[in-house]
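Take a look at the structure below.
The values are calculated or read from the model by the stated rules, or taken from the named source; none is laboratory data. Bear in mind that the values here come from a model prediction, so they are computed numbers and not experimental data. We place every Cβ from the backbone using ideal geometry, glycine too, and count neighbours over all the protein chains shown. Areas reflect the complete protein model, heavy atoms only, side chains present, ligands, DNA and RNA absent. Shrake-Rupley method; radii C 1.70, N 1.55, O 1.52, S 1.80 Å.
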Amino acid sequence: MNRVLLTAFEPYGPWQTNASWLTLVEMTRELPAQPAITTRLYPVDFDAVLDRLSTDLVGDYDYVILTGQAPGRTRLELETVSLNLATVTGDRDEVPRPLIVEGPLAYASDLPAESTCQLLRQAGIPAATSRHAGTYLCNAALYYALHLITARNLRTRAMFVHLPLDPAQAALQAEPIPSQSIELSAKALRLILQSLPTA
Ligand code: PCA
């Protein structure tokens with residue numbers, strides 16, 4: 001049976017909750033029979049995420065599925081590219097620094113994102129692939145994971161799932177902002193986990 005490391009993020013900045021952790025918790029209420037899942041909650045902190053991933057990836061998992069919330073996005077998006085760029089707050093106007101000095105400009109996730117999206121859409125869940133995970137912790141988590149996997153020559157394969165906000169988060173915003181129910185996000189996460197090819 002596949003062994004999967006599944007991560008989500010803590011609240012950060014203006015957010016009192018994080019849709020990724022809410023989704024992960026909801027998903028565990030009805031765990032799929034497979035794969036075997038190890039869950040982690042990561043802080044929204046560059047050094048801490050590198051440190052935590054460095055330790056957790058020693059677990060020799062078949063897959064690491066990283067999740068985070070993406071305020072403003074209208075549907076679940078599977079990130080296919082991570083960039084060696086980081087900004088302090090994730091603001092696009094900031095001048096970025098490299099995540100890993102002398103690391104490659106980008107790493108690609110080699111998982112079948114497009115077919116996974118099709119599976120989700122067939123199940124009635126809006127989903128798309130994305131080629132830009134931003135320049136904040138979500139991009140960093142995927143970049144760090146792929147960098148560690150490459151540097152250590154691990155068999156682990158990595159994927160990043162960006163989730164819309166929870167409606168309760170959107171409800172607290174003065175401006176309109178898209179959201180998706182945590183139950184639907186959890187259903188999507190279950191489908192993604194169940195559809196991972198046997199390693
Ligand atoms: N979303 C942020 C960081 C943590 C999270 O859940 C991002 O998209 O980078």
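Observations on the structure shown:
- Taking the criterion of being closer than 19 Å to residue 17 by Cβ, touching a residue at least 40 places away in the same chain (Cβ under 8 Å) and either surrounded by fewer than 22 Cβ atoms within 10 Å (Cβ to Cβ) or of a type in the set (Phe, Trp, Tyr) (or both), the only residue of region 155-168 that qualifies is 168.
- Tally, over region 128-139, of residues that are within 11 Å of residue 68 (Cα to Cα) and in contact with a strand residue (DSSP E or B) (Cβ under 6 Å, 6 or more places away or on another chain): 3
- With respect to (1) open to solvent by less than 30 Å² (accessible area, probe 1.4 Å); (2) in contact with a strand residue (DSSP E or B) (Cβ under 7 Å, 6 or more places away or on another chain), the lone exception for residue 39 is condition (1).
- Of the residues making up region 169-181, those that are in contact with a helix residue (DSSP H, G or I) (Cβ under 9 Å, 6 or more places away or on another chain) and either aromatic (Phe, Trp, Tyr) or open to solvent by 20 Å² or more (accessible area, probe 1.4 Å) (or both) are 176, 177, 178, 179, 181.
- Within region 39-153, helices (runs of 4 or more DSSP H) holding 3 or more residues that are within 16 Å of the ligand (Cβ to nearest atom): 46-56, 137-151
- Residue match in region 7-29 (condition: at pLDDT below 95, out of contact with any Ser or Thr (no Cβ under 8 Å at 6 or more places or on another chain) and crowded, with 16+ Cβ neighbours inside 10 Å): no
- Any hit, region 130-153, residues being farther than 19 Å from residue 43 by Cα and touching a Lys or Arg at 6+ places or on another chain (Cβ under 7 Å): no
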